[in-house]
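Values in this text are rule-based calculations from the coordinates and carry no lab data. Because the structure is predicted, anything quoted here is derived from the model rather than measured. Cβ: placed from backbone, ideal geometry, glycine included. Neighbour counts: every protein chain shown.
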Amino acid sequence: MAESRHAVMRLSRYRRCLLDLRDLGYERVFSNNLGEAAGVSAVQVRKDFSAFGISGNRKAGYRIEYLLERINAILGKEHPQHVVLIGAGNLGSALLKYRGFAREAIRIVAAFDADPAKHSRTGPIPVLPLAELFSFIRQHQVKVAILTVPAAVAQEVAEQLVSAGIRGILNFSPVSLKVPQKVIVSNINLAIELENLLYHVNAAERHASQAG
């Protein structure tokens, strides 16, 4: 069953909230409490759980461990999910140092860069030459890549990833990638996101000043 990407993203949010609740010592949670923590309605929580075949007792609440087991299975988190990162510049290096991936059962197993000065086979995450990208992905059967390269080379690198067998790309490069339909691309353009946020902040201030 192919669920919408929005529904899957909500499952990820539920999982983070459930982990926090478990860390606080809670054993059960009600849909209204989980919805409030995740920023959605209780009806949406129950609808999502029903769509993914997650059952529960509305009167007694849901067992947190059961929910985590089911959501982990749905999201494929029973075992660490391996990804590669291409582009070990400022943004790429920051992502390599991010510790939050471990809690989400995500592991960056290697990074790749065209600059020999960045190459290193020591440390927790090796930074390897781009020439080794194809063989590494094939050997380790990696399916997802994080792309943090300049726009000028993003399409070329994306084509290399696709030919190596990558099925999903988290794209931080400021360019729209042309890939086969079977490959899923999630674009994150920090400049556009910030521009959008600034617009809404400024619009809210203008509205407030006009109303006053």
- Message: Out of everything in region 137-160 that is assigned to a helix (DSSP H, G or I) and of a type in the set (Val, Ile, Thr), what residue ends up being surrounded by the fewest Cβ atoms within 10 Å (Cβ to Cβ)?
- Response: Val153
- Item | Filter result (surrounded by 15 or more Cβ atoms within 10 Å (Cβ to Cβ) and under 20 Å from Gly165 (Cβ atoms)) within region 121-136 | Pro126, Leu128, Leu130, Leu133, Phe136
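Does region 84-136 hold any residues that are part of a strand (DSSP E or B) and within 18 Å of the chain's Cα centre (by Cα), and which are they?
Val84, Leu85, Ile86, Ile106, Arg107, Ile108, Val109, Ala110, Ala111
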- Item | Only listed residue being polar (S, T, N, Q) and in contact with a helix residue (DSSP H, G or I) (Cβ under 6 Å, 6 or more places away or on another chain), chosen from Ser186, Ser209, Ser173 | Ser173
- Query: Among the residues of region 163-212, which ones are polar (S, T, N, Q) and assigned to a loop (DSSP other than H, G, I, E, B)?
  - Reply: Ser173, Ser176, Gln181, Asn189
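Please specify each residue of region 1-31 satisfying the condition of being assigned to a helix (DSSP H, G or I) and either of a type in the set (A, V, I, L, M, F, W, C) or in contact with a Cys (Cβ under 9 Å, 6 or more places away or on another chain) (or both).
The answer is Ala7, Val8, Met9, Leu11, Cys17, Leu18, Leu19, Leu21.
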